[in-house]
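Just so it is clear, none of the values below were taken in a lab; they were calculated from the coordinates. Just so it is clear, the structure is predicted and the values come from calculations on it, not from any experiment. So basically every Cβ, Gly included, is an ideal-geometry build from the backbone, and we count neighbours across all protein chains shown.
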Amino acid sequence: MRSNRRKRWAVIPLAVGLVVALAGCTQEQLHGWLPGTNTTVNTTNHTSSVVGLWVTSWIVLLLVGLIVWILIIWAAVMFRRRKGQTGLPIQLRYNMPVEIFYTVVPLILVLGFFAFTAKDQAAIEKPFAHPDATIHVYGKRWAWDFNYIDTSNPNQSVYTQGIQAQEIQGANGAIKTNELPTLYLPQGKKVRIELSSRDVNHSFWIIDFLYKKDMIPGRLNDEYVIPEKLGTYAGKCAELCGEYHSLMLFQVKVVTPQQYDTYLASLKKAGNVGLLGSEYNTNTNQPNNVTPVQASGANK
Ligand SMILES: [Cu+2]
C-alpha cells in the first residue's frame, strides 16, 4: 500500500514536467495564445511583461488545477466503497489543519496574482514625463480621427479624419485595407496617445500591442508606449458601439522616426494643418456640445 501511494505521488512531478515541455512547443503556445500575430513579443516596450504575466499565471493555475484533480481522483479511489462495506463511512468535520490549508493557500495565490498584476500595471500605465510624440485619437461611430499634436506650436499640428471600413462588394466581408484610417507611430520613441470619444463608449485596441483602453465621452484617457518593432498592425474598436461596430477598424504603421516626420510633413503639405476638436462631437448630452440646428438658433 505504502509503495503504491508513493508511486501515485511520483506522477505529479512527471505531469508538471510534461506541462512545461509542452509549453515550449511553439511560439503561439509561448505567448499563451494571446491575440495578434505570433511575433507579439517586444512589439512594444510593454508586451514582454504582459506575455510574462499571462503565461506565468496560466502555468501556476494549471499546476493548482493538476494538484486538485489528482487529489480528487486519489480521494475517489482510496476511499471508494469496498466489498462488504455497508452504511455511511466515518464522517469527518472540523479538521483544522485542512481548513487552515485551504484558506491560506488560495489567499496566498490571490494576493500573489494581485501583487504581480499591480506591479506590471503600474509600470505600463506610468506616464512619460517628456513624450517624443503626442497623438490625440477620437473614436467616433464608426471610425477614428488622429491629431498629431505639435506640443510647442499647436497651430502646426496635423490630422487625419477616418472613415469606417469599406467592404469589397461580393467579397464575403473582405475590406479595402488601403482605405482604413491609419495611425503612424515612430519606432523607438516615447509616444503619448490621448483617447477620447465623439459619441458613445469605444475602446482603442492595437491587437499586437496587447493593450486596449476605453474611450469615454467627456473623459480623456492615456496610453504610454514605445513601439519597438517596425510593421503594420491591425487595430479595432473593442467596445460594442452600434450597428457598424465590426467595421470600426484601423491600421497602425510603426515606421522609423524619419519616415514618421516625412509622413507628418506630407499631411502638412496636403493642408491637414490644425487640430480636429470637440466641435465635431455628436453626443449632445455633454456640456457645450450642441447640434448644428441648436447652434443656429433654429430650434428655439
Ligand atoms: Cu466603437
Query raised in the report: Going 7 Å from the Cα of residue 103 in the Cα-to-Cβ direction, what parts of the stretch 40-76 have a backbone nitrogen less than 16 Å from that spot?
Result: none
Report task. Determine the principal axes of the Cα atoms in the stretch 128-232, then give the extent along each, sorted from largest to smallest and rounded to whole angstroms. Result -> 49, 33, 28
Report task. Please give the length that would be gained between residue 68 and residue 244 if that part of the chain were fully extended, namely 0.36 nm times their separation in residues minus their C-alpha to C-alpha distance (nm, one decimal). Result -> 58.9 nm
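Grab the beta carbon distance between residue 117 and residue 161, set R0 = 41 Å, and tell me the FRET efficiency rounded to 0.05. It would help to have the intermediate numbers written out before the result.
On the way: r = 37 Å, r/R0 = 0.91.
My answer for the efficiency is 0.65.
Run the dipole for the stretch 132-272 about the Cα centre, Lys and Arg Cβ at +1, Asp and Glu Cβ at -1, nothing else charged, and hand back the magnitude in debye, nearest 20.
Details: 15 positive and 15 negative charges, 30 e Å.
So the magnitude is around 140 debye.
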Report summary line: In order over the stretch 82-92: 3J(HN,Hα) from phi, Karplus 6.51/-1.76/1.60, θ = phi - 60°, whole Hz, x for each Gly or Pro, gives 9, 4, x, 7, 9, x, 6, x, 4, 8, 10
Query raised in the report: Hey, can you rank 168-177, 118-127, 222-231 by average C-beta count inside 10 Å, highest first?
Result: 222-231, 118-127, 168-177
Query raised in the report: Quick one: if you stick a label point 7 Å off each Cα along the C-beta vector at residue 279 and residue 266, how many nm between them?
Result: 2.8 nm
Query raised in the report: Which order do 152, 48, 196 fall in if you start with the one that has the fewest other Cβ atoms within 10 Å?
Result: 152, 48, 196
**Report entry** Percentage relative contact order, the stretch 133-276, counting C-alpha pairs under 8 Å, at least six apart
**Finding:** 30 percent
Query raised in the report: In nm, to one decimal, how far is the residue 175 label point from the residue 85 one, both placed 7 Å along Cα→Cβ?
Result: 6.1 nm
Report summary line: Per its Cα gyration tensor (rounded if a/c is under 1.5, else prolate when a/b beats b/c, else oblate), the stretch 61-168 is best filed as prolate
Query raised in the report: Could you put 159, 148, 280, 138 in order, starting from the residue whose Cβ has the fewest other Cβ atoms within 10 Å?
Result: 280, 159, 148, 138
Report task. Using label points projected 7 Å from each Cα along Cα→Cβ, tell me how many nm separate residue 33 and residue 57, to one decimal. Result -> 1.5 nm
